[in-house]
């Protein structure tokens, strides 16, 4: 619960300092907005809005940036706890509800509680054909397609006991979302639901199949917090090079980015492209690092959640050997 509160709390700084802090992190780590956004698990647009000081930034994200760049959060910072906005909005919301309904509706939490009581006592024992009929899905064998799906899930996916959700940016990854939807249909013979969440700039690709989740857990995916469990690539993928390449492609397409590195020598400006893969799971970072070396690349790895490829040669080898199905990455590389 404490972690959840921290995620929703906001940081308040004097004018100009929120922008300055983000710029300092960028400069010190030579990191783009896209790289920092991937690390913070927010959209680049959200991070740019924070940099412009259009909105209050997340306190937890500033803690992550502070550790990443090894710089302190300004002493002038104040933290607004979860639901800091409630007092300001409660009166207006209550007035609107009274105007619309003439009364305050019944408590939603009570309604849910009563439903769960009914489900545990009656509903789950109901043998009607509707409740008893399991939802269809295909059980795929181990393959490069399944390995790539695992990479996508380890990157931007999550599972509960009842639902699979893959979260992608609603504009930057729109074309890639179509590939992911097609891959899901091909593997499982299931058409996922798409939920657009414009307030946080994402599309959620969702599959509701409890038996499919049980099946995927057998192959190495987990429910719950992937970072706390330090999720790694399963052995059945590590042990076969074609599977490992496909899985890394899914990982980088979701949790990786292409960075343009700029520098100057004797007043002449130069630039080249880098590939950066970011994860807060140490075993996963080390597996990707070793896989890159296995495929003849020369990666670097840091304690700050980054595995990187530098230079024209490594980038060329990566895109010819492993490749990408994310048009965003392909456009950045080939342009």
If you go through the range 129-140 one residue at a time, do you hit one that is at pLDDT 90 or above and closer than 20 Å to residue 246 by Cα? yes
Within the range 63-76, residues outside any helix (DSSP H, G or I) and closer than 17 Å to residue 26 by Cβ come out as 70, 71, 72, 73, 74
Evaluate the following for residue 225: is it in the same structural domain as residue 203 (by TED's automatic domain parsing) and within 22 Å of the chain's Cα centre (by Cα)? yes
Quick check: anything in the range 253-265 buried (at least 16 other Cβ atoms within 10 Å of the Cβ) and out of contact with any strand residue (DSSP E or B) (no Cβ under 9 Å at 6 or more places or on another chain)? yes
Do we find that residue 272 is in contact with a helix residue (DSSP H, G or I) (Cβ under 7 Å, 6 or more places away or on another chain), surrounded by fewer than 19 Cβ atoms within 10 Å (Cβ to Cβ), modelled with pLDDT under 95 and assigned to a helix (DSSP H, G or I) in this structure? no
Which ones in the range 300-318 are buried (at least 18 other Cβ atoms within 10 Å of the Cβ) and part of a helix (DSSP H, G or I)? 314, 315, 318
Would you confirm whether any residue within the range 292-299 is under 17 Å from the mean Cα position of the chain (by Cα) and either buried (at least 21 other Cβ atoms within 10 Å of the Cβ) or in the same structural domain as residue 150 (by TED's automatic domain parsing) (or both)? no
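On the basis of being farther than 21 Å from residue 203 by Cβ and either at pLDDT 85 or above or touching a strand residue (DSSP E or B) at 6+ places or on another chain (Cβ under 8 Å) (or both), does residue 17 make the cut?
Values: farther than 21 Å from residue 203 by Cβ: yes; either at pLDDT 85 or above or touching a strand residue (DSSP E or B) at 6+ places or on another chain (Cβ under 8 Å) (or both): yes.
When the stated conditions are applied, residue 17 passes them.
Being out of contact with any strand residue (DSSP E or B) (no Cβ under 6 Å at 6 or more places or on another chain), in contact (Cβ under 8 Å) with a residue 12 or more places away in the chain and part of a loop (DSSP other than H, G, I, E, B) is the filter; apply it to the range 24-62 and report the residue that is surrounded by the most Cβ atoms within 10 Å (Cβ to Cβ). So that I can check it myself, show each step before the final result.
The initial filter retains those residues of the range 24-62 that are out of contact with any strand residue (DSSP E or B) (no Cβ under 6 Å at 6 or more places or on another chain), namely 24-31, 33, 36-37, 40-42, 44-49, 51-55, 58, 60-61.
When the remaining residues are screened for being in contact (Cβ under 8 Å) with a residue 12 or more places away in the chain, the result is 24-25, 28-31, 33, 36, 40, 42, 44-48, 51-53, 58, 60-61.
After this cut, where a residue has to be part of a loop (DSSP other than H, G, I, E, B) as well, the list is 30-31, 42, 52-53.
Working: 30: 12, 31: 23, 42: 20, 52: 11, 53: 16.
Across the range 24-62, the extreme among qualifying residues is 31.
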Which of (1) surrounded by fewer than 15 Cβ atoms within 10 Å (Cβ to Cβ); (2) part of a loop (DSSP other than H, G, I, E, B); (3) modelled with pLDDT of 95 or more does residue 242 not meet, given it meets every other one? (2)
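The values are calculated or read from the model by the stated rules, or taken from the named source; none is laboratory data. Quick caveat: nothing in here was measured; it's all calculated off a predicted structure. Here the Cβ is made from the backbone with ideal geometry for all residues, glycine too, and neighbour counts use every protein chain on show.
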